[in-house]
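To start, the structure under review is shown below, and the notes come after it.
Each value in this text was obtained by applying a stated rule to the coordinates, not by laboratory testing. Remember, predicted model here, so these are calculated numbers, not experimental data. All Cβ positions, even for glycine, are placed from backbone atoms using ideal geometry, and neighbour counts span all protein chains on display.
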Amino acid sequence: MNKTARLKPLQPGMRKAKPYLFILPSMLFFAVFAIYPLIYIIVLSFFDRSIIGDMTFVGFENFIKLFNNPEFGPIMKNTVVYMVIVVLLTTVFSMLVALLLQRPTRLNKIVQQIAFSPYVISTVSVVFVWMWMMDADYGLFNYIIGWFGLGEVNWLTDPNVTIFSIAIVSVWKSLGYNAIIIIAALNAIPKHYYEAAKLDNSSSVKTYFRITLPMISPTVFFLVLINIIGALKNFETIKLMTAGKFDTTTLVYFVYQNAREYFDFGYASSAGVILMVFIAIITLLYFKVLAKKVYYR
Amino acid sequence: MSSIILQNIDKAYGKNAPVIENLNLEIKDKSFTVLLGPSGCGKSTILRMIAGLEAQTSGTILFDDEDMTNVPPENRDIAFVFQNYALYPTMTVRGNIEFGLKNRKIPKAEIAARVEEVCSLLDISEYLNRKPQNLSGGQRQRVALARAMVKKPDIFLMDEPLSNLDAKLRNQIRTDLIALHKRLNTTFVYVTHDQVEAMSMATDIVLLNKGKVMQMSSPAEMYKQPRNVFSAKFIGTPAMNVISSGKSNISVPQGCAYVGFRPENVMLEKKNNDDFCISCDVASTEMLGAETVIKALSGDEIIFMRAFTSACRPEGRQNFYVERANLCYFNEQEERIYE
């Protein structure tokens, strides 16, 4: 018998189905843990659903209640302010740190590892150390400020400051991670571009803005997007540092409060849907405005 | 005008990795000098030291009489063409060509005029607004040349600029470069490992091996009068046959250890009574059109013969003859000796 004949060619229908069969397991996983909850939240947002009693369809009532809630405006403001601070500081500082630590000297490698370590430490530990430093009465920050004769700052209770305090902790935690990724992007730029720029009499500042920055822009673009989404979804630091008090309730914390403290699942879901739509809009805008300016090889 | 003089140049990476030791070299003004050698011989390093992209460990580099040791690359009045062109992918072709001029604060009108001139010369005017990644290899090559030329430098340094092109384009740009050198009338220093490029373009060839100059001469002299076994075996396709002189049927000069002869000087019939003769077995015959290359074995030595008639198809055991005048003798140290 001919050896090749043993492997019968697949039926045309089967041949088409084959790739889908291969990705079926991961698609099932994705459907159960990502798509189903997503749809369920959207469905839930149209129902009145608490821990006891039946689900009753209420149409857009949850959304109307949300938009009429006098807290909704400040919550959105907190969310956006927090995001802007975190994204701005993380991007600028990680780019500076990356430039400083780019050259692969022994010292730089050690500092890189140290800078990366906050990313590995649990948020709870990080937050408690920072809370101790930010303590109004015996914290390190006010102690240092005291040297300069400045008044005490209530880092964790003054509504004018709290959102910044939380943002600083988040920035500190993700700075090293961002910097490492940017360092990798910097080191991927072939050296001959810098040599050519040198021969072209280009100053180091000009070289950075005309050659380096455009070439790492895909990486920075991606990091900024990840940081935007991450900042909009941030929960841990707020829960641990202020528990949403002193003007620190963001949209995510609002969802948590309504679901876990007031057990108003329908209402919480509607806020969750708003968050989702908000992230989608920002992401789309971001791509529309900036994607063209990014240089891809 | 600019001649380049390298005096007692040493270059080492780290403590125990000398690349170049005590190199002395003079590159003549307005010459087309090719630094030729196998990979790792230090030719690119020499070029980069001339450019100032790398510092010599010790020694002096002079442009005419001016010591360049502490002059940064941007002030050396040179242009450098990189092997992979190093065109800024973030700028258009025009941006690439203009960049150096803009940084030197040259008036806009003059920049425009110079760009125009160079681009029409190299025939790239229609690509000015494209990005380098949208150009073919040959077009990129010309943009890289334009970026160098627009600076009007005294010295052009080129690091294997043709190695990324296909064979046909390479031939074309080779002739273009020769014409360009004539037209610009400046000093060209060109690095390559390809002896054909060196032979076809150079006015002077510097043949290097392991950081040392093996021979420096014109292409014709390099071919006809190799000064050692290395240059005999590096130049020519196929290279010079160099065999141990023990097999010789004729008297050789005192101290001669090797006899060399070019494949095209091999004859199948005796011409004079004192012709050098070697008996060998024909291994293969390659008909290349205008010429035929015959590979033969004599013991463990390989001998090539080039014949310019396609009728030449020797087989089996053959006697190869070479006229005395066409022989080169080398001593035990592989240096040339004369009768």
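A few notes on this one:
- 10 Å Cβ neighbours from other chains, averaged over peptide B:82-93: 5
- Taking a ≥ b ≥ c as the square roots of the eigenvalues of the Cα gyration tensor, segment B:29-168 is classed as oblate, since a/c reaches at least 1.5 and a/b does not exceed b/c.
- Sequence of B:Lys210, B:Lys271 once ranked by neighbouring C-beta atoms within 10 Å, starting from the fewest: B:Lys271, B:Lys210
- Cα-Cα over 29 Å, subset of A:Lys293/B:Lys102; B:Lys168/B:Lys295; A:Lys239/A:Lys292; A:Lys206/B:Lys151: A:Lys239/A:Lys292
- Over segment B:135-286, relative contact order from alpha-carbon pairs under 8 Å, at least 6 apart, %: 13
- Each Lys or Arg adds one and each Asp or Glu takes one away; over the other residues whose Cβ falls under 12 Å from the Cβ of B:Val93, this sums to +4.
- Model label sites at B:Asp281 and A:Phe57, defined 7 Å from Cα along the beta-carbon direction, differ in position by 9.6 nm.
- Across segment B:158-239, counting alpha-carbon atoms alone, Rg and Dmax equal 13.0, 36 Å.
- Calculated FRET value between A:Tyr208 and B:Gln133, using beta carbons and R₀ = 25 Å, to 0.05: 0.75
- In sequence order, calculated HN-Hα J values of segment B:227-244 (Karplus, 6.51, -1.76, 1.60; Hz; x Gly/Pro): 8, 7, 4, 4, 6, 4, 8, 8, 9, x, 10, x, 6, 5, 6, 10, 10, 5
- Relative contact order (percent, whole number), segment B:230-337, Cα cutoff 8 Å, 6+ residue spacing: 32
- Hydrodynamic radius (Kirkwood) for segment A:1-70, which is based on Cα pairs only, to one decimal in Å: 16.8
- Taking 32 Å as the limit for the C-alpha separation, the pairs A:Lys109/B:Lys11; A:Lys65/A:Lys173; A:Lys191/B:Lys30; A:Lys109/B:Lys212 exceed it in the case of A:Lys65/A:Lys173; A:Lys109/B:Lys212.
- Look at where the Cα atoms of segment B:157-221 and of segment A:18-64 average out, and the two centres are 70 Å apart.
- Above-threshold pairs, the threshold being 31 Å between Cα atoms, out of B:Lys233/B:Lys270; B:Lys210/B:Lys270; A:Lys233/B:Lys131: B:Lys210/B:Lys270; A:Lys233/B:Lys131
- With both labels modelled 7 Å from their Cα along Cα-to-Cβ, the B:Ala311 to A:Leu107 distance reads 8.0 nm.
- Gaussian network model of chain B, Cα within-10 Å springs - most flexible of B:Val143, B:Val293, B:Val34: B:Val293
- Residue order, fewest to most surrounding Cβ atoms within 10 angstrom, among B:Met68, B:Met267: B:Met267, B:Met68
- Dividing the convex hull volume of the alpha carbon atoms of chain B by its residue count gives 167 Å³ per residue.
- Segment A:174-210-segment A:113-164 distance, computed between alpha-carbon centres (Å): 33
- Anchor B:Lys271: aspartates and glutamates whose Cα lies under 14 Å away (excluding residues fewer than 8 positions away in-chain): B:Glu323
- Per-residue ³J(HN,Hα) for segment B:279-296, Karplus 6.51 cos²θ - 1.76 cosθ + 1.60, θ = phi - 60°, Hz, x for Gly and Pro: 9, 8, 9, 5, 9, 7, 10, 10, 8, 10, x, 5, 9, 10, 9, 10, 9, 9
- Measuring between their Cα centroids, segment B:237-275 and segment B:41-91 lie 43 Å from each other.
- Neighbour net charge for A:Gly244 - beta-carbon separation under 11 angstrom, K R +1, D E -1: -1
- Selection from A:Ala196, A:Val161, A:Ile145 lying farthest towards where the dipole of chain A points positive, charges on Cβ: A:Ala196
- For chain A, adding -39500 (n - 2.57) for each run of n ≥ 4 DSSP H residues and dividing by the number of residues yields -21500 deg cm²/dmol at 222 nm.
- Residues of segment A:125-153 with an amide N closer than 12 Å to a point placed 7 Å from the Cα of A:Phe164 along the Cα-to-Cβ direction: A:153.
- Choice from A:Ile23, A:Ile228, A:Ile75 showing the highest fluctuation, given a GNM over chain A with Cα pairs closer than 10 Å: A:Ile23
- By the count of neighbouring beta-carbon atoms within 10 Å, fewest first, B:Glu269, B:Glu197 end up ordered B:Glu269, B:Glu197.
- Distance histogram in 10 Å bins (all Cα pairs of segment B:230-337, percent per bin): 15, 49, 31, 5, 0
- Compactness relative to 2.2 N^0.38 Å, alpha carbon Rg of segment A:71-293: 1.18
- Shielding of peptide B:146-157 by partners, expressed as the average count of other chain Cβ atoms within 10 Å per residue Cβ, is 1.
- Point-to-point label distance, B:Ala220-A:Arg15, nm (Cα→Cβ direction, 7 Å offset): 6.7
- The alpha carbons of the protein assembly as shown stretch over 120, 86, 50 Å along the principal axes, in descending order.
- Relative contact order [Cα under 8 Å, 6+ residues apart], chain B, whole percent: 17
- Selected from B:Ala307, B:Ala290, B:Ala55 as most flexible by GNM, with chain B as the system and alpha-carbon contacts under 10 Å: B:Ala290
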